[in-house]
Structures are given as C-alpha cells and as structure tokens.
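All of the numbers you see were taken from the coordinates with simple rules; none came from a lab. These numbers come from a predicted model, not from an experiment.
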C-alpha cells in the first residue's frame, strides 16, 4: 500500500498515529467524495492528503 508508506513519511510532525494514517490511506484507495471523522488528527491528515473533509456541525 503505497499511500500508507507515503503518509508515514510526511506526517511525523503532525502527531498522527498509525491508525490515523491507515484510516486515511484506506480512504485514498477507496476515493470517497468526502472524508468524515471526529478525530482532529485524522481531519488534518486527510486534508493534507488531498481528501475533501466534510464539515462538522456544532
């Protein structure tokens, strides 16, 4: 999974955990129209990876 490896190299300074990276890498492979998460690290990583992050209400 190249996306996982690429994200691992560019994210240490973002404070992302392994499961955050795996979640975003899987989303990159599935090509969703929007990425939804309540985890601030995943939101930041998903945006960094070029995914459209869904806006959360409230």
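The value of relative contact order for the chain, using C-alpha pairs under 8 Å at least six residues apart, is 34 percent. Stretching the chain fully between residue 40 and residue 4 yields a gain of 11.1 nm (0.36 nm per residue, less the alpha carbon separation).
Here the gap between residue 30 and residue 13, fully extended at 0.36 nm per residue and compared with their Cα-Cα distance, gives a gain of 3.6 nm. The calculated 222 nm mean residue ellipticity attributable to helices in the chain amounts to -16000 deg cm²/dmol, summing -39500 (n - 2.57) over DSSP H runs of n ≥ 4 and dividing by all residues.
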